[in-house]
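A.B. asks: Can you keep this structure in mind? I'll have questions shortly.
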């Protein structure tokens, strides 16, 4: 290089790192232990939401069985209940 010649970057400008996209910054979760208080509280809230959703779905299923307008609705509600129960069981095991 000639004196005072730059390699395409202006003087005083910071060169980008070659792997800058791989560097994660401000990721606080990476430094927290997995059994953090906030994570447990979020799981408790999610479990409570799933329980209330399950109660609502069970009431809707009972009403759909009594009314019998749409047989597909009963099957769809049963499927949603099974999904909610599986998710609730997964969360309660962790």
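A.B. asks: Taking every pair of alpha-carbon atoms in the stretch 39-93, give the share separated by more than 14 Å as a whole percent.
C.D. replies: 56 percent
A.B. asks: Label-point separation (nm) for residue 38 and residue 80, each offset 7 Å from Cα along Cα-to-Cβ?
C.D. replies: About 3.2 nm separates the two model spin labels.
A.B. asks: While we're here: Expected output is a single nm value to one decimal: the length gained when fully extending between residue 65 and residue 89, i.e. 0.36 nm times separation in residues minus the C-alpha distance. What is it? Kindly include the intermediate steps, with their values, before the conclusion.
C.D. replies: On the way: separation 24, 0.36 × 24 = 8.64 nm, distance 2.54 nm.
Taking residue 65 through residue 89 to full extension adds about 6.1 nm, to one decimal.
A.B. asks: Sticking with this structure for a sec: Find the relative contact order for the stretch 39-93 and round it to a whole percent, using C-alpha pairs within less than 8 Å whose residues are 6+ positions apart.
C.D. replies: Here the relative contact order equals 47 percent.
Read the figures in this text as sums done on the coordinates, not as results from a lab. None of these values were measured; they are calculated from a predicted model. Cβ: placed from backbone, ideal geometry, glycine included. Neighbour counts: every protein chain shown.
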